[in-house]
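Structure record follows, encoded as structure tokens.
The values are calculated or read from the model by the stated rules, or taken from the named source; none is laboratory data. Because the structure is predicted, anything quoted here is derived from the model rather than measured. A quick note on method: Cβ atoms are made from the backbone with ideal geometry, for glycine too, and the neighbour counts reach across all protein chains shown.
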Amino acid sequence: MAWTLGNKRLYVQETKESAKQIIPRLQPLAAGTIMQFFGWESPILVSQAIVIGRENVLHFQSLTMSGVAFEFVSPEGSLGNYNVSNVAFSRMPVICQTIDTTLPEDSPVYMMDVELYEET
């Protein structure tokens, strides 16, 4: 099984997960710190992946404008449904790609940073 997001292939290089609790801290003048707990944020998954071809870049960009969650699949199976918050691309200096043999060898190669919010 391959890495996919929104049913499109990507080649994940690195993933990072984070979770956060919302804790405002108050510092009164004549007392110690007071903490208030207001809940937590949904887990955030940040991935760096290689994307082949301009059409795939446009597909991943469109996921940020959809308002719906997409399944993120790894070789081990589904990681869950995520809303795509942010994608950023940088073109890699590659003159001949051999990663995806279904696309032409002169297809552009991009490094994509994607931030995913877990669907609650």
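Please go through the stretch 86-106 and give me each residue that is of a type outside the set (A, V, I, L, M) and either in a helix (DSSP H, G or I) or surrounded by 14 or more Cβ atoms within 10 Å (Cβ to Cβ) (or both), ordered by number.
Going through the stretch 86-106, the residues of a type outside the set (A, V, I, L, M) turn out to be 86, 89-91, 93, 96-98, 100-102, 104-106.
Matches in the stretch 86-106: Phe89, Gln97, Asp100.
Residues in the stretch 43-60: is at least one modelled with pLDDT under 90 and surrounded by 14 or more Cβ atoms within 10 Å (Cβ to Cβ)?
yes
Just a yes or no: is a residue in the stretch 21-42 touching a residue at least 40 places away in the same chain (Cβ under 8 Å) and surrounded by 12 or more Cβ atoms within 10 Å (Cβ to Cβ)? I'd like the intermediate steps shown before the answer.
Start the filter on the stretch 21-42 by keeping residues that are touching a residue at least 40 places away in the same chain (Cβ under 8 Å), which leaves 42.
Among the residues that remain, those that are also surrounded by 12 or more Cβ atoms within 10 Å (Cβ to Cβ) are: 42.
Checking the stretch 21-42: at least one residue is touching a residue at least 40 places away in the same chain (Cβ under 8 Å) and surrounded by 12 or more Cβ atoms within 10 Å (Cβ to Cβ).
Considering each of Gly32, Gly67 in turn, give the residue that is more than 24 Å from Thr102 (Cα to Cα), over 13 Å from the mean Cα position of the chain (by Cα), at pLDDT 90 or above and part of a loop (DSSP other than H, G, I, E, B). Give the steps one after another, and end with the answer.
Working: Gly32 fails: at pLDDT 90 or above.
Testing whether each residue is more than 24 Å from Thr102 (Cα to Cα), over 13 Å from the mean Cα position of the chain (by Cα), at pLDDT 90 or above and part of a loop (DSSP other than H, G, I, E, B) leaves just Gly67.
Confirm whether Val46 is in contact with a helix residue (DSSP H, G or I) (Cβ under 8 Å, 6 or more places away or on another chain), in a strand (DSSP E or B) and in contact (Cβ under 8 Å) with a residue 40 or more places away in the chain.
Details: in contact with a helix residue (DSSP H, G or I) (Cβ under 8 Å, 6 or more places away or on another chain): no; in a strand (DSSP E or B): yes; in contact (Cβ under 8 Å) with a residue 40 or more places away in the chain: yes.
In short, no.
Applying the selection to the stretch 49-64, what residues are part of a strand (DSSP E or B) and among the small types (Gly, Ala, Ser)? Let's see the steps before the verdict.
At the first step, the residues of the stretch 49-64 found to be part of a strand (DSSP E or B) are 49-52.
Ala49, the sole residue that qualifies.
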